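What follows is one structure encoded as structure tokens, with my remarks underneath.
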Amino acid sequence: MVDLIKKSDCTGCKMCEDICPCGAITFRNEKDGFWYPVVDSEKCTRCGLCLSKCPVQRTYTSKNKGKPEVYSAWIRDDRTRINSTSGGIYYALAQQTIKEGGYIVGCVYSEDYKSAYHIVGNSMEDLKRIMRSKYFQSDTSGIFKLVKQLLDDKKKVLFCGTPCQAAALTNYLPKEYDDLTICDFICRGINSPKAFRAYIESLEHKYKSKVSLVHLKNKNHGWRALGTYMEFQNGQTYFRNKANDPWVNGYISGNLYMRKCCSHCKFKKIPRVSDISLGDFWGIKGSKEDMKKGISLVMINSEKGMTLFNSVNSQIHKERNTLEKAIEGNRCIIESAPMGKQRYEFFECVDKEHFESLVWRLLGQSKWRQCMRTIKYNLSRIKENLQNIKVCNKNQ
């Protein structure tokens with residue numbers, strides 16, 4: 001059954017648990033912190049439903065456009081845009097869905113910020129919890145059943161998840177639903193919940209306090225800085241950027257804690273399974289303010305996606321662009337990130353070694369090199385600010 005699928009191929013979407021008619025499938029965490037299916041042979045009736053619906057085993061043939069319509073866009077409300085991880089387009093789409101009496105389905109942090117899971121919501125408070133990137137795998141146990149129940153009750157639903165989660169939902173449902181819009185995001189690869197927990201706990205130990213807020217891709221230093229901001233219960237705060245944050249570097253530079261299937265993802269292709277794909281429009285040129293506040297990449301893959309996108313026209317600024325330009329700045333649309341060479345050693349040592357020290361050691365970054373990286377980054381920011389001042393003075 002589904003537990004016979006290679007662990008290097010399993011996405012951990014947990015759809016098989018929802019679709020099993022006899023409750024024979026549970027999940028067990030491996031050493032890398034990712035969950036994989038376990039089948040109870042006494043309960044299993046060998047119906048084969050889990051395998052026939054598995055997105056890895058059954059490749060879904062998308063009916064979407066062969067080439068999506070591509071836009072650069074952002075929400076006009078500056079506060080929402082700054083608080084979002086790119087241009088705030090998901091917020092506009094989700095808000096519109098709620099206004100129309102629909103439900104949004106997306107990923108939220110646990111109360112202690114050490115894990116994440118999908119929820120169904122229909123309020124602005126739910127939307128605020130779903131906003132922002134999580135950068136590690138979300139638990140979707142039970143979510144596919146809930147989505148189907150809503151759709152069968154004629155409720156409008158906006159589902160947001162990784163491309164593999166979008167494929168899992170599509171395979172799970174027995175038919176196409178006019179009331180469902182699926183939104184995925186440009187995914188570089190999903191990280192281990194165990195690794196993220198180790199990261200948070202290392203900082204709680206350092207600051208001698210529990211985390212009370214986590215904001216990845218914080219824009220204190222601008223959109224492209226990949227800033228990480230945290231608050232602690234004792235009032236202290238943490239901020240680092242792509243030059244000196246261990247979590248970001250271990251992910252982006254080292255590929256240390258991604259799920260194995262992400263190194264050969266089956267869902268990085270055109271046409272997409274989803275109706276709308278969102279991401280950062282890396283590589284695009286914009287004004288100083290736009291580059292600070294963030295610009296979304298929007299790929300409209302279906303007529304249903306275009307209908308929802310057009311419904312928020314009054315709330316957003318959008319410009320037509322090309323798929324070629326989008327791929328130029330974000331190869332993750334069609335290419336998988338390679339498996340990190342030190343991934344195995346990371347998971348061998350993460351239970352014994354301090355998270356930050358381990359990451360820098362595996363990346364070959366001594367304290368001196370870290371210091372130089374930070375200085376170089378700060379100098380580049382100063383240079384950029386001086387250039388912007390010169391441009392402003394020239395225009396005056």
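So is A326 open to solvent by less than 60 Å² (accessible area, probe 1.4 Å) and assigned to a helix (DSSP H, G or I) or not? Spell out the reasoning first.
Details: open to solvent by less than 60 Å² (accessible area, probe 1.4 Å): yes; assigned to a helix (DSSP H, G or I): yes.
When the stated conditions are applied, A326 passes them.
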Q. If you go through the range 74-81 one residue at a time, do you hit one that is open to solvent by less than 30 Å² (accessible area, probe 1.4 Å), of a type in the set (A, V, I, L, M) and modelled with pLDDT of 95 or more?
A. yes
Q: Might you check whether a residue that is without any contact (Cβ under 8 Å) to a residue 60 or more places away in the chain, touching a strand residue (DSSP E or B) at 6+ places or on another chain (Cβ under 8 Å) and among the basic types (K, R) occurs anywhere in the range 58-79?
A: no
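Rundown of residues vs (1) surrounded by fewer than 21 Cβ atoms within 10 Å (Cβ to Cβ); (2) of a type outside the set (D, E, K, R); (3) over 30 Å from R320 (Cβ atoms), yes/no style:
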residue: V2; (1), (2), (3): no, yes, yes
residue: C13; (1), (2), (3): no, yes, yes
residue: C16; (1), (2), (3): no, yes, yes
residue: C22; (1), (2), (3): yes, yes, yes
residue: I25; (1), (2), (3): no, yes, yes
residue: K43; (1), (2), (3): yes, no, yes
residue: L51; (1), (2), (3): yes, yes, yes
residue: K67; (1), (2), (3): yes, no, no
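Here's a check for you: in the range 230-264, which residue that is hydroxyl-bearing (S, T, Y) and assigned to a loop (DSSP other than H, G, I, E, B) is most open to solvent (accessible area, probe 1.4 Å)? It would help to see each step written out before you state the result.
Pass one, the range 230-264, residues hydroxyl-bearing (S, T, Y): 237-238, 251, 253, 257, 263.
Okay, now just the ones that are also assigned to a loop (DSSP other than H, G, I, E, B), so 253, 257.
Working: S253: 79, Y257: 0 Å².
Only one residue fits best here, namely S253.
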Q: Could you give me the residue pairs with C-beta distances under 9 Å whose first residue belongs to the range 216-238 and is free of Cβ contacts under 8 Å to residues at least 40 places away in the same chain and under 21 Å from T80 (Cβ atoms), whose second residue is part of a loop (DSSP other than H, G, I, E, B) and of a type in the set (D, E) wherever it lies, and which are 6+ apart or on separate chains?
A: L226/D245; G227/D245; T228/D245
Q. Which residue out of G88, G66, G121, G101 is small (G, A, S) and modelled with pLDDT under 95?
A. G66
Q | Single condition S209 does not satisfy, out of (1) crowded, with 18+ Cβ neighbours inside 10 Å; (2) in contact with a strand residue (DSSP E or B) (Cβ under 9 Å, 6 or more places away or on another chain) | A | (1)
Q. Do any residues in the range 100-120 that are assigned to a strand (DSSP E or B) have Cβ atoms under 9 Å from those of residues that are open to solvent by less than 20 Å² (accessible area, probe 1.4 Å) and basic (K, R), where the two are at least six apart or on different chains, and which pairs are they?
A. C107/K134; V108/K134; Y109/K134; A116/K134
Q.
Just the residues that are more than 17 Å from Y90 (Cβ to Cβ) and touching a residue at least 60 places away in the same chain (Cβ under 8 Å), please, taken from the range 131-168.
A. F136, Q137, D139, T140, S141, G142, I143, F144, K145, C164, A167, A168
**Q.** Failed item, numbered, when H317 is tested on (1) open to solvent by 40 Å² or more (accessible area, probe 1.4 Å); (2) at pLDDT below 95
**A.** (2)
Q. How many residues, within the range 172-193, are part of a helix (DSSP H, G or I) and buried (at least 22 other Cβ atoms within 10 Å of the Cβ)?
A. 1
(Q) Considering only residues that are assigned to a loop (DSSP other than H, G, I, E, B), of a type in the set (A, V, I, L, M, F, W, C) and crowded, with 23+ Cβ neighbours inside 10 Å, which ones fall in the range 273-287? (A) V273, F281
Q: For residues that are within 19 Å of the chain's Cα centre (by Cα) and more than 20 Å from G227 (Cα to Cα), tally how many sit in the range 271-304.
A: 10
Q | Positions within the range 105-151 being open to solvent by less than 20 Å² (accessible area, probe 1.4 Å) and over 27 Å from G33 (Cβ atoms), in sequence order | A | L127, L151
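The values are calculated or read from the model by the stated rules, or taken from the named source; none is laboratory data. Owing to the predicted nature of the structure, the values given are computational and were not obtained by experimental measurement. So basically every Cβ, Gly included, is an ideal-geometry build from the backbone, and we count neighbours across all protein chains shown. Accessible surface is based on the protein model in full, side chains and every heavy atom, while ligands, DNA and RNA are left aside. Shrake-Rupley method; radii C 1.70, N 1.55, O 1.52, S 1.80 Å.
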